[in-house]
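*Asks:* Below you'll find the structure I mean.
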Protein chains: 2
Amino acid sequence: MPAFFAIFNEIGIIAQLARSAFEDNLPDGMILPHFTALNHLIRVKDGQTPLAMARAFQVPKTTLTHTLSVLEERGLVEMRPNPADARSKCVWITPAGRRFRNDAIVAVSNLFAPMEAQFSPDRVAKILPDLTALRKMLDAARD
Amino acid sequence: MPAFFAIFNEIGIIAQLARSAFEDNLPDGMILPHFTALNHLIRVKDGQTPLAMARAFQVPKTTLTHTLSVLEERGLVEMRPNPADARSKCVWITPAGRRFRNDAIVAVSNLFAPMEAQFSPDRVAKILPDLTALRKMLDAARD
DNA sequence: CTATAATAGTACGATATCGTACTAAGAGAA
DNA sequence: TTCTCTTAGTACGATATCGTACTATTATAG
């Protein structure tokens, strides 16, 4: 029993610490989900629907509505009607949104840089596949 | 750059999925932090101050105040004055709190059991030290 | 001993997350 | 076409998290 318990516990703590450290490097009032949404729009593509994004992040769609409304208020994304479906919308990142995301990437690089001395990228690369397998297992278990 | 980014991203997703799955197995209205607090009081010891617990969980003390007030309302913990310091309190787990925690442990065991077929405890044990090292590094970086 | 600083906890307000219920629109069956 | 079911998004309310500011108490400097 304790094996999974221990590992998920450790992972939970790491997620919390990493998130905290990351958010300390974001401008005031911005939090991880704001960055995550913008990053997704660039890494995957923009013009997606809010629902598609909610599924990608595994959060309820009401949570996404809220996150996007914040980003829209701050001019980091733009919501346009979906030409293919009048119920729906498409989310586009703005130039300001791109700038914000790029600045955050720089900040996080500075945050991680000193860690590479203690924890080599090789070592990171070695655990990543196991974590990915773990994630896929949980994802599948979610039926 | 992408190494740490990728690993913290994966860890964040796993934490979210595991938390979700875990909370689905808790009674209505109870969430992970409620269990975490009770579990800590048993695994470490009860009679601790709220501040000591807040530090252990790396959350603001106001968050702990809220969590403990919920647990107290539900009769799962008891707050008593700290005989050594009149500003302070001590948190004691009640028999109902112990029952709740034990039930949750059983539920989570059932949740993890089917996963052991796909992800052996051996494999889990192999990544755990790396995760612990990662956690300690983040903890230290937090100055 | 007294004045000041530090500490434990809480009150309060802002924002985040999420569940339920609703509206509007699309999809499929008869 | 029309009736029904599903889907996309939002409104709303409940709870969680967290920062700031406050009170009460303790520790420390002088």
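The values are calculated or read from the model by the stated rules, or taken from the named source; none is laboratory data. It should be emphasised that the depicted structure is a prediction, and the values quoted were computed from it without experimental measurement. Heads up, the Cβs are rebuilt from the backbone with ideal geometry, glycines too, and the neighbour counts pull from every protein chain shown.
*Asks:* Does residue B:62 satisfy being free of Cβ contacts under 8 Å to residues at least 24 places away in the same chain, more than 14 Å from chain A (Cβ to nearest Cβ) and either in a helix (DSSP H, G or I) or exposed (fewer than 14 other Cβ atoms within 10 Å of the Cβ) (or both)? Spell out how you get there, then give the answer.
*Replies:* On the way: free of Cβ contacts under 8 Å to residues at least 24 places away in the same chain: yes; more than 14 Å from chain A (Cβ to nearest Cβ): yes; either in a helix (DSSP H, G or I) or exposed (fewer than 14 other Cβ atoms within 10 Å of the Cβ) (or both): yes.
So residue B:62 fits the description; yes.
*Asks:* Let me ask something else. Of the residues B:109, B:88, which is among the hydroxyl-bearing types (Ser, Thr, Tyr), out of contact with any Asp or Glu (no Cβ under 8 Å at 6 or more places or on another chain) and more than 14 Å from every other protein chain (Cβ to nearest Cβ)? Let's see the steps before the verdict.
*Replies:* Details: B:109 fails: more than 14 Å from every other protein chain (Cβ to nearest Cβ).
From the options B:109, B:88, the qualifying one is B:88.
*Asks:* Right, another one. Filter segment A:69-95 down to the residues that are within 18 Å of the chain's Cα centre (by Cα) and in a helix (DSSP H, G or I), then identify the one that is farthest from DNA strand C (Cβ to nearest atom).
*Replies:* Per the criteria, the residue is A:72.
*Asks:* Is it the case, given these coordinates, that residue A:7 is within 13 Å of residue B:11 (Cβ to Cβ) and away from DNA strand D (no atom under 12 Å from the Cβ)? It would help to see each step written out before you state the result.
*Replies:* Numbers: within 13 Å of residue B:11 (Cβ to Cβ): yes; away from DNA strand D (no atom under 12 Å from the Cβ): yes.
Judged against the criteria, residue A:7 is a match.
*Asks:* When the residues of segment B:17-31 are narrowed to those that are part of a helix (DSSP H, G or I) and surrounded by fewer than 18 Cβ atoms within 10 Å (Cβ to Cβ), which ends up farthest from the other protein chains (Cβ to nearest Cβ)? Full working, then the answer.
*Replies:* Let us first name the residues in segment B:17-31 that are part of a helix (DSSP H, G or I), namely B:17-24.
This time we only want the ones that are surrounded by fewer than 18 Cβ atoms within 10 Å (Cβ to Cβ), so: B:19-21, B:23-24.
Values: B:19: 7, B:20: 7, B:21: 7, B:23: 12, B:24: 9 Å.
This residue is B:23.
*Asks:* Under 9 Å by Cβ, and 6 or more places apart or on different chains, what pairs join a residue from segment A:34-48 that is in a helix (DSSP H, G or I) with one that is crowded, with 19+ Cβ neighbours inside 10 Å and of a type in the set (Ser, Thr, Tyr)?
*Replies:* Close Cβ pairs (under 9 Å, with a partner that is crowded, with 19+ Cβ neighbours inside 10 Å and of a type in the set (Ser, Thr, Tyr)) amount to A:34/A:67; A:36/A:67; A:37/A:67.
*Asks:* Here is a follow-up. Has segment A:55-63 got at least one residue that is away from DNA strand C (no atom under 14 Å from the Cβ), closer than 21 Å to residue B:14 by Cα and modelled with pLDDT of 95 or more?
*Replies:* Of the residues in segment A:55-63, the ones away from DNA strand C (no atom under 14 Å from the Cβ) are none.
The answer is no, given that none of the residues of segment A:55-63 is away from DNA strand C (no atom under 14 Å from the Cβ), closer than 21 Å to residue B:14 by Cα and modelled with pLDDT of 95 or more.
*Asks:* Any residue at all in segment B:2-21 that's in contact with a Phe, Trp or Tyr (Cβ under 8 Å, 6 or more places away or on another chain) and over 30 Å from residue A:109 (Cβ atoms)?
*Replies:* Within segment B:2-21, none of the residues are in contact with a Phe, Trp or Tyr (Cβ under 8 Å, 6 or more places away or on another chain) and over 30 Å from residue A:109 (Cβ atoms).
*Asks:* Tally up the residues in segment A:112-121 that are within 9 Å of another protein chain (Cβ to nearest Cβ) and part of a helix (DSSP H, G or I), please.
*Replies:* 5
*Asks:* Would you confirm whether or not segment A:97-116 contains a residue that is over 30 Å from residue B:139 (Cβ atoms), surrounded by 15 or more Cβ atoms within 10 Å (Cβ to Cβ), in contact with a helix residue (DSSP H, G or I) (Cβ under 6 Å, 6 or more places away or on another chain) and not hydrophobic (A, V, I, L, M, F, W, C)?
*Replies:* Within segment A:97-116, the subset over 30 Å from residue B:139 (Cβ atoms) is A:97-99.
Next cut, surrounded by 15 or more Cβ atoms within 10 Å (Cβ to Cβ) only: A:97-98.
Now drop any that are not in contact with a helix residue (DSSP H, G or I) (Cβ under 6 Å, 6 or more places away or on another chain), which leaves A:97.
Still in the running and not hydrophobic (A, V, I, L, M, F, W, C): A:97.
The answer is yes; a qualifying residue exists.
*Asks:* Considering B:71, B:131, which residue is facing chain A (nearest Cβ under 8 Å) and buried (at least 16 other Cβ atoms within 10 Å of the Cβ)? Explain how you work it out, then say what you get.
*Replies:* Details: B:71 fails: facing chain A (nearest Cβ under 8 Å).
Step by step, each of B:71, B:131 is checked, and only B:131 is facing chain A (nearest Cβ under 8 Å) and buried (at least 16 other Cβ atoms within 10 Å of the Cβ).
*Asks:* Based on this model, can you work out whether residue A:142 counts as over 17 Å from the mean Cα position of the chain (by Cα), at the interface with another protein chain (Cβ under 8 Å from one of its Cβ atoms) and either aromatic (Phe, Trp, Tyr) or surrounded by fewer than 13 Cβ atoms within 10 Å (Cβ to Cβ) (or both)? Steps first, answer last, please.
*Replies:* Working: over 17 Å from the mean Cα position of the chain (by Cα): yes; at the interface with another protein chain (Cβ under 8 Å from one of its Cβ atoms): yes; either aromatic (Phe, Trp, Tyr) or surrounded by fewer than 13 Cβ atoms within 10 Å (Cβ to Cβ) (or both): yes.
Taking the combined requirement at face value, the residue satisfies it.
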